[in-house]
Amino acid sequence: MTSIAVKAPADFHVHLRQGEFSKLVTPHVKKGGFILAYVMPNLKPPVTTTEQALAYKAELQKIDPNVEYLMTLYLSPDLTPDEVRKAKKAGIAGVKSYPRGVTTNSDGGIESYEIYYPVFEAMEQEDIVLNLHGEIPSDADTNVCVLNAEPAFLPHLRKIHERFPKLRIVLEHATTRAAVEAVKTCGPTVACTITAHHIALTVDDWAGQAWNFCKPVAKYPDDRQALREVIKSGHPRFFLGSDSAPHPPHTKSTATPTQSCAAGVYTSPILLPLVAHLLESFGALDRLEGFVSTFGRSFYKRELLGGNAAQIPTIVLKRVEGGELIKEGWSEGEQKVIPFWSGKKIDWVIDEKPIR
Ligand SMILES: NC(=O)N[C@@H](CC(=O)O)C(=O)O
């Protein structure tokens, strides 16, 4: 195969940041082949109200109007059932839960799920999606660390799903076989995003390599295998959410003995070619459109159906013999960002002028 057409690619988990940094990274969604971005709310301060989310959306639209932005709120005590109803009317798509302290800007994250049951009830009624960062905080007393934080979280997923069976829930950026199996056994209201980097990496790739470090961390080879298998099987409740998380280079690469490096892997500007390259590497290229577009769109009720099929935006990838080098980085003024696999070659690029 030398070219592939993908209809309406949608990234169901992306960090677009704020201020000048946002101006650099937001256009990279389109650059990477995507026309829909499901935007994370972990800004400083976090996006906790409908008003803030709409103001943030307006900023993103000003930077790049060519992408559809689906906005989320940050689960915190500020979020009330009334605010959920207001959010629904304003078109907010989801609420993201970060357990306290597990990742970037999660100091205001949650400590217990039960206190949010009235909020979940309103979300279930209003059909707003709950996006779960599925890790529990590390705790030496209970032997929890980054390697088992995700399996240890799964009982919470099951409990919330049992209590609110109609609430649509997405377990974000799954990294383990246990998570894949847990989501499979849940009902049709529970889905799961998988990142590009987690189908490439294992523990060995981030131990000693800050650029591959993100939360949740990549796990064992067998866990990666489970992610690949479920994508290859074409399971419709498993789809792409890149968790593309840019950080200024100095926060990734110049950690000191007392300061750890920022968590996050940046894939936006190369995303669709990268996913095609990875899926092809394990024989799942035929699942590309399902994984990066139709499955997620169907779960989120954002299908592009009917009308004239020719009007659906289509991105064409072409194969590059010998591979295409991933750029060293992008910069604008003082802002700079370095992508995942910078300096490595991948086999696909976006065809800017496809012959139709
Ligand atoms: N994935 C990451 O490692 N980091 C994300 C936060 C998150 O989604 O955990 C970020 O905002 O940098």
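The values are calculated or read from the model by the stated rules, or taken from the named source; none is laboratory data. Quantities reported herein were computed from a predicted structural model and do not represent experimental measurements. Cβ sites come from the backbone with ideal geometry, for glycine too, and all protein chains shown count toward neighbours. With ligands, DNA and RNA removed, areas are computed over all heavy atoms of the protein, side chains included. Shrake-Rupley method; radii C 1.70, N 1.55, O 1.52, S 1.80 Å.
A few comments on the model shown:
- Selection from region 93-107 of residues that are open to solvent by 40 Å² or more (accessible area, probe 1.4 Å) and either of a type in the set (Lys, Arg) or more than 13 Å from the ligand (Cβ to nearest atom) (or both): Arg100
- Single residue of region 38-92 satisfying the filter (β-branched (Val, Ile, Thr) and within 23 Å of Phe239 (Cα to Cα)) that is surrounded by the fewest Cβ atoms within 10 Å (Cβ to Cβ): Val67
- One residue from Met71, Met123 being at pLDDT 95 or above, in a strand (DSSP E or B) and out of contact with any Cys (no Cβ under 8 Å at 6 or more places or on another chain): Met71
- Taken as a whole, the condition of being modelled with pLDDT of 95 or more, touching an Asp or Glu at 6+ places or on another chain (Cβ under 6 Å) and open to solvent by 50 Å² or more (accessible area, probe 1.4 Å) applies to Lys318.
- Region 115-165, residues that are surrounded by 18 or more Cβ atoms within 10 Å (Cβ to Cβ) and of a type in the set (Gly, Ala, Ser): Ala122, Gly134, Ala149, Ala152
- Per-region count, region 23-45, residues charged (D, E, K, R) and under 20 Å from Lys318 (Cβ atoms): 2
- Residues considered: Glu332, Glu352, Glu280. Of these, the only one that is among the acidic types (Asp, Glu), in contact with a strand residue (DSSP E or B) (Cβ under 8 Å, 6 or more places away or on another chain) and either at negative phi or away from the ligand (no atom under 16 Å from the Cβ) (or both) is Glu280.
- The C-beta contact set for region 196-224 (first residue open to solvent by 50 Å² or more (accessible area, probe 1.4 Å), second residue assigned to a helix (DSSP H, G or I), distance under 8 angstrom, 6+ apart or interchain) comprises Asp205/Asn212; Trp211/Lys252; Trp211/Ser253; Tyr220/Val203; Asp222/Arg177; Arg224/His198; Arg224/Ile199.
- Top-ranked residue of region 208-264 - restricted to ones that are outside any loop (DSSP other than H, G, I, E, B) and among the aliphatic types (A, V, I, L, M), ranked as nearest to the ligand (Cβ to nearest atom): Ala210
- Within the option set Phe12, Phe34, being outside any helix (DSSP H, G or I), in contact with a helix residue (DSSP H, G or I) (Cβ under 9 Å, 6 or more places away or on another chain), on the phi < 0 side of the Ramachandran plot and within 15 Å of the ligand (Cβ to nearest atom) holds for one residue only, Phe12.
- Filtered residues of region 246-260 (kept if buried (at least 16 other Cβ atoms within 10 Å of the Cβ) and over 17 Å from Glu20 (Cβ atoms)): Lys252
- Subset of region 138-161 (residues that are farther than 28 Å from Asp205 by Cβ and either of a type in the set (Lys, Arg) or free of Cβ contacts under 8 Å to residues at least 24 places away in the same chain (or both)): Asp141, Pro155, Arg158, Lys159
- Some residue of region 181-188 being within 14 Å of the ligand (Cβ to nearest atom) and surrounded by fewer than 24 Cβ atoms within 10 Å (Cβ to Cβ): no
- One residue from Ala310, Ala276 being in a helix (DSSP H, G or I) and surrounded by 15 or more Cβ atoms within 10 Å (Cβ to Cβ): Ala276
- Scanning region 166-180 for residues that are away from the ligand (no atom under 15 Å from the Cβ) and not in a strand (DSSP E or B) turns up Lys166, Leu167, Arg168, Thr176, Arg177, Ala178, Val180.
- Only one of the numbered conditions (1) within 16 Å of the ligand (Cβ to nearest atom); (2) surrounded by 22 or more Cβ atoms within 10 Å (Cβ to Cβ); (3) not in a loop (DSSP other than H, G, I, E, B) is violated by Phe21, and that is (2).
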